[in-house]
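Engineer: Dropping a structure here in structure tokens format, bear with me for questions.
The values are calculated or read from the model by the stated rules, or taken from the named source; none is laboratory data. Quantities reported herein were computed from a predicted structural model and do not represent experimental measurements. Neighbour counts are summed over all protein chains in view; Cβ atoms, including those assigned to glycine, are modelled from backbone coordinates with ideal geometry. What goes into the accessible areas is simple: the full protein's heavy atoms, side chains included, and nothing from ligands, DNA or RNA. Shrake-Rupley method; radii C 1.70, N 1.55, O 1.52, S 1.80 Å.
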Amino acid sequence: MSDFSVKPVLTGDRTVLRPFTEADAEAMAEIIEDPEVVRFTGPPSGELTLERLRSWYGTRSEQPDRLDLAVTDRATGELVGEVVLYEWDSHARGCTFRTLIGPRGRGRGLGTEATRLIVGYGFEQLGLHRIELEAYGYNARALRVYEKAGFVVEGVRREADLRDGEWVDWVIMGILDREWAALSSTAR
């Protein structure tokens, strides 16, 4: 594996993951500002102007150290969220994963499929050894999605963040290439 320079299109039964373009800024602004997204991912750092978002999403395909893909509903083409592999460590062949799904993409299995598609790509096409993530302990929906995709809880950073005046835990999860391969040999 050299890096994340190739920005693939990954197609599942329900979703298509594709590279971002500047034109995705408006839809992503709506998703990022959704109260549930803010609750589970934290508030954006800095002001989210459309100009700033156009610049961000318009340059994702130029980043060799990360893979940001738009999650779209295969039936309608509607942009419903994003999946990201980042913090790439070439020596350890590992990276960090994160995702967010907006209100029109929830409860239909799109996030689960998108997670499996990008994790599968990471292991099967990029030769990654390990993918990790962190999620708020109170984000039961996301934790369930990650478990279904094969991630294992590795630990908890207790009261690691202050949200709305309350201390909250971060759950650390990871999956290894051999665990993914074992899942791939059975029905995922």
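Engineer: Being in a loop (DSSP other than H, G, I, E, B) and either under 14 Å from the mean Cα position of the chain (by Cα) or among the basic types (K, R) (or both) is the filter here; which residues of region 20-75 pass it?
Structural biologist: At the first step, the residues of region 20-75 found to be in a loop (DSSP other than H, G, I, E, B) are 20-21, 33-34, 42-49, 59, 63-66, 74-75.
Residues satisfying the conditions are F20, R66, R74.
Engineer: Hey, another quick one. Just one of R130, R178, R108, R144 is open to solvent by 20 Å² or more (accessible area, probe 1.4 Å) and touching a residue at least 60 places away in the same chain (Cβ under 8 Å); which is it? Quick ask: steps written out before the conclusion?
Structural biologist: Numbers: R130 fails: touching a residue at least 60 places away in the same chain (Cβ under 8 Å); R178 fails: touching a residue at least 60 places away in the same chain (Cβ under 8 Å); R144 fails: touching a residue at least 60 places away in the same chain (Cβ under 8 Å).
Going through R130, R178, R108, R144 in turn, just one is open to solvent by 20 Å² or more (accessible area, probe 1.4 Å) and touching a residue at least 60 places away in the same chain (Cβ under 8 Å): R108.
Engineer: Shifting gears a bit: So, in region 6-49, of the ones that are open to solvent by 70 Å² or more (accessible area, probe 1.4 Å) and in contact with a helix residue (DSSP H, G or I) (Cβ under 6 Å, 6 or more places away or on another chain), which residue ends up farthest from W170 (Cα to Cα)?
Structural biologist: Ranking the candidates gives E22 first.
Engineer: For region 164-175, give me each residue that is open to solvent by 30 Å² or more (accessible area, probe 1.4 Å) and either touching a residue at least 40 places away in the same chain (Cβ under 8 Å) or in a strand (DSSP E or B) (or both). Reasoning before the result, please.
Structural biologist: Step one: list which residues in region 164-175 are open to solvent by 30 Å² or more (accessible area, probe 1.4 Å), which gives 164-167, 169-170, 172.
Correct list: E166, W167, D169, W170, I172.
Engineer: Given (1) surrounded by 15 or more Cβ atoms within 10 Å (Cβ to Cβ); (2) under 23 Å from I31 (Cβ atoms), where does P103 come up short, assuming only one miss?
Structural biologist: Result: P103 fails condition (1) only.
Engineer: When only residues in region 1-19 that are hydroxyl-bearing (S, T, Y) and either touching a Leu at 6+ places or on another chain (Cβ under 6 Å) or assigned to a loop (DSSP other than H, G, I, E, B) (or both) count, which is modelled with the lowest pLDDT?
Structural biologist: First pass over region 1-19, keeping only residues hydroxyl-bearing (S, T, Y): 2, 5, 11, 15.
Still in the list and also either touching a Leu at 6+ places or on another chain (Cβ under 6 Å) or assigned to a loop (DSSP other than H, G, I, E, B) (or both): 2, 5, 15.
Working: S2: 60, S5: 88, T15: 97.
Checked region 1-19; the qualifying residue modelled with the lowest pLDDT is S2.
Engineer: Check T76 against each of (1) open to solvent by 30 Å² or more (accessible area, probe 1.4 Å); (2) within 19 Å of V6 (Cα to Cα); (3) among the hydroxyl-bearing types (S, T, Y) and name the one condition it does not meet.
Structural biologist: Answer for T76: the failing condition is (2).
Engineer: Within region 44-61, is there a residue that is β-branched (V, I, T) and in contact with a strand residue (DSSP E or B) (Cβ under 7 Å, 6 or more places away or on another chain)? Please lay out each step first, then the result.
Structural biologist: Going through region 44-61, the residues β-branched (V, I, T) turn out to be 49, 59.
Then keep just the ones that are in contact with a strand residue (DSSP E or B) (Cβ under 7 Å, 6 or more places away or on another chain); that gives none.
No, region 44-61 contains no residue that is β-branched (V, I, T) and in contact with a strand residue (DSSP E or B) (Cβ under 7 Å, 6 or more places away or on another chain).
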